[in-house]
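Notes follow the structure.
The values are calculated or read from the model by the stated rules, or taken from the named source; none is laboratory data. Because the structure is predicted, anything quoted here is derived from the model rather than measured. Here the Cβ is made from the backbone with ideal geometry for all residues, glycine too, and neighbour counts use every protein chain on show. For accessibility, only protein heavy atoms count, side chains too; no ligands or nucleic acids. Shrake-Rupley method; radii C 1.70, N 1.55, O 1.52, S 1.80 Å.
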Amino acid sequence: MLLMTHHTFRLRHSNKFRRLLNLYRDKVIKSPSLAGLGQTPKSFYTSTSQRKSNSQSDGDMNLSDYPVENIRNFSIIAHVDHGKSTLADRLLELTGTISKTSDNKQVLDKLQVEKERGITVKAQTASMFYTYKGQKYLLNLIDTPGHVDFNYEVSRSLKACQGVLLLVDANQGVQAQTVANFYLAFESDLTIIPVLNKIDLKFADPESAANQIKTLFDISQEDILSISAKLGTGVDEILPAVIDRIPPPQSDPNLPLKALIFDSWYNQYRGAITSIAVIDGKLTKGDKITAAHSNKSYDVHDLGIMHPEQVSCTQLLAGQVGFMIAGMHNIKEARIGDTIYHQNKAVEPLPGFKAARPMVFAGLFPIDQSEYLGLRSAIDRLTLNDSSVSVNQDSSPALGQGWRLGFLGLLHMDVFNQRLEQEFNANVIVTVPSVPYKARLKDTKANRQLYGSNEEITVYNPSLFPDSQQVTEYMEPLVLGTIITPDEYISKVFTLCLNKRGEQVEYVYIDSRRVLLKYKLPLNEVVVDFFDQLKSISSGYASFDYEDCGYQTADLIKLSILLNGREVEELASIVHRDNARLAGKAICSKLSNTIPRQMYEVAIQAAVGSKIMARENIKALKKNVLAKCYGGDITRKMKLLKRQSEGKKRMKMFGNVEVPKEAFLSVLKR
């Protein structure tokens with residue numbers, strides 16, 4: 001009886017499992033988001049029989065029907081908020097990759113920080129199937145960020161493409177990042193298709209924007225497409241233009257396997273997942289591969305394309321872009337820019353990517369030192385997804401063990417911190433940002449002992465700034481800033497750049513009302529509040545972009561903070577001599593409001609060498625020693641006051657002012 005009951009229980013649950021499995025299979029077959037089976041005339045998936053013929057028996061998608069000449073790899077590049085992600089939504093709908101619903105808003109912006117801020121932070125890939133003139137095409141689209149801080153994402157994405165859609169807002173015209181992205185694509189020798197977006201807006205001026213494109217980029221107006229990504233107007237002209245104008249990949253399926261890793265992210269169950277572009281040959285599930293950089297071998301567990309979610313396939317062929325899971329459980333193994341080839345069939349490695357150069361450095365510390373190991377793991381996994389962040393260990397007597405991280409800009413730093421909190425539930429302290437300085441050393445015995453044979457050193461931490469007697473000159477980093485603004489604000493922009501020690505390089509009218517300015521600016525002056533001030537004085541109409549421009553000699557000094565004559569190294573900063581007094585007053589004022597009062601007076605000083613630039617005093621707490629005197633001779637009172645004064649002098653001589661963590665945070669935290 002017991003055996004029969006157990007058998008019935010297993011059978012009942014087995015049947016339930018089968019019903020759920022059949023329901024799941026039906027859902028997968030009918031879901032356009034997973035199989036690209038939209039019923040649009042443009043899509044080659046027009047019937048169930050076609051869907052079955054394009055799938056393997058194990059459920060994997062078959063991409064062998066797409067030779068190299070029928071593949072197009074392209075990116076969408078533009079300034080911030082010019083409609084890249086919205087256009088990507090319309091293209092995915094047009095090809096039947098996703099169904100047409102009102103919920104399709106920035107489908108490729110998958111991170112929580114992207115949805116909250118309304119910007120693209122991470123480049124995302126999506127493969128689309130499209131029929132044009134009777135031919136079936138595989139189109140690989142990469143939606144890229146628009147902000148200058150994520151320019152490294154754009155440059156990596158372009159390595160997997162042969163062409164780009166250069167999107168320009170018809171209402172705002174060409175902006176600073178539009179110019180930067182154009183030259184990035186131009187230098188990569190990619191085909192550029194200019195597209196005017198938002199032509200449906202009330203104040204849109206497509207003719208003026210087209211003239212700006214012609215003036216700046218020497219592109220004929222006949223080659224410019226006009227669309228409204230929000231309404232879908234003119235979007236159906238884009239994919240035919242992509243097929244006709246953008247060349248197929250220069251790939252050979254008969255050569256040995258050569259694939260490029262251009263992105264990666266981490267999954268706690270499957271390890272590192274890499275985005276790859278197959279340059280030559282083919283990659284099949286189950287193959288044994290080797291990474292050129294680490295020379296380690298792996299088994300390919302899974303392959304597929306982003307459609308826009310992960311969809312497995314049996315193999316990736318030459319010219320195709322997709323994802324690979326190969327058991328890379330160590331996050332350091334999935335090196336972006338690495339070359340993948342078949343085991344024992346070595347090929348010449350691809351050049352990879354030029355290393356990102358961090359522009360802004362900041363200290364990152366856990367709120368509680370007990371969270372150090374968890375935070376280290378979170379930073380390691382997040383830097384796998386964002387390889388432009390540099391990480392070095394750091395420590396502070398006030399904040400404990402931590403790291404000094406390098407970012408491409410302030411927004412990059414903010415987004416990284418927000419992702420740590422949202423994706424890994426990590427609470428951290430981010431210190432005030434600083435930039436890397438350089439110093440040319442004198443050829444002395446002391447310098448050789450300290451710095452070895454180095455004639456030039458880079459200083460990331462102000463507490464390690466060498467004394468002026470040790471160096472011949474200091475150098476600060478420069479950027480070449482591009483500003484596009486209406487001419488009515490030009491005088492205010494000139495004043496701002498002059499106050500930030502800028503040097504004008506170029507001044508050009510791109511149309512009758514808009515001006516393009518180029519300035520050489522010290523990075524330290526740009527990194528904190530330059531963009532906010534520029535937006536404020538131009539009523540939000542000016543745009544700003546910058547690129548690295550080397551170093552220049554500068555009159556730099558170390559601003560030290562003293563408490564009763566004792567230096568607090570954690571509060572030191574590097575400033576230009578002209579700004580030392582203002583910076584010193586600001587720090588002293590913050591400290592005077594946060595350091596608790598002592599039994600003796602505390603002097604807070606900002607000093608450059610032996611010269612005091614600013615000072616604040618914290619008054620002493622006083623005990624009323626005259627409370628027990630109810631009259632009597634005045635000499636009795638004077639004697640008590642004198643004894644108290646002498647005691648406070650001895651206390652001040654031997655006492656040590658402990659700076660609480662709150663005081664450090666008031667100065668260090670942004």
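Here the accessible area is traced with a 1.4 Å probe on the protein chains. For region 514-643, carbon and sulfur cover 49 percent of it. D65 exposes around 70 Å² of accessible area when a 1.4 Å probe is run over every protein chain in place.
What does the C-alpha gyration tensor say about the overall shape of region 162-284? Classify as rounded when a/c is under 1.5, otherwise prolate if a/b is larger than b/c, or oblate. Prolate shape, in that a/c is at least 1.5 and a/b is the bigger ratio.
Considering only T144, L165, V195, the residue lying farthest towards the positive end of the dipole of region 136-249 is T144, judged by Cα position with unit charges set on Cβ.
For region 245-399, the share of accessible area belonging to carbon and sulfur comes to 47 percent (1.4 Å probe, ligands and nucleic acids excluded). The accessible-area ordering, largest first, of the residues E309, E616 stands as E309, E616, per a 1.4 angstrom probe.
Solvent-accessible surface of protein heavy atoms, probed at 1.4 angstrom with all chains present, puts K230, K637, K585, K84 in the order K230, K585, K637, K84, largest first. Accessible surface computed residue by residue for region 343-405, with neighbouring protein chains in place and a 1.4 Å probe, gives 50 Å² per residue. Accessible area per residue for region 272-325 is 29 Å², calculated with a 1.4 Å probe on protein heavy atoms, without ligands, DNA or RNA. Rounded, prolate or oblate for region 453-577? Axes are the square roots of the Cα gyration tensor eigenvalues, ordered a ≥ b ≥ c, and the cut-off for rounded is a/c under 1.5. In terms of gyration-tensor shape, prolate. Does region 100-217 classify as rounded, prolate or oblate by the C-alpha gyration tensor (a ≥ b ≥ c root eigenvalues; a/c under 1.5 gives rounded; else a/b over b/c gives prolate, otherwise oblate)? Rounded is the answer for region 100-217, as its axis ratio a/c remains below 1.5. Remark: for residue pairs K332/K438; K282/K345; K438/K535, the C-alpha separation exceeds 19 Å in K332/K438; K438/K535. If R0 equals 22 Å, the separation of the Cβ atoms of D578 and D548 corresponds to a calculated FRET efficiency of about 0.40. The charge dipole of region 360-515, taken about its Cα centre with unit charges on the Cβ atoms of Lys, Arg (+1), Asp and Glu (-1) only, comes to about 280 debye.
Sorting V505, V493 by solvent-accessible area of protein heavy atoms yields V505, V493, largest first, with a 1.4 Å probe. Annotation: T431 carries an accessible surface of approximately 10 Å², with a 1.4 Å probe and no ligand, DNA or RNA atoms counted.
Cβ-Cβ distance of Q250 and T495, R₀ of 56 Å, FRET efficiency by 1/(1 + (r/R0)^6): the value works out to about 0.65. At the residue level, F531 shows approximately 80 square angstrom of accessible surface with a 1.4 angstrom probe and all protein chains present.
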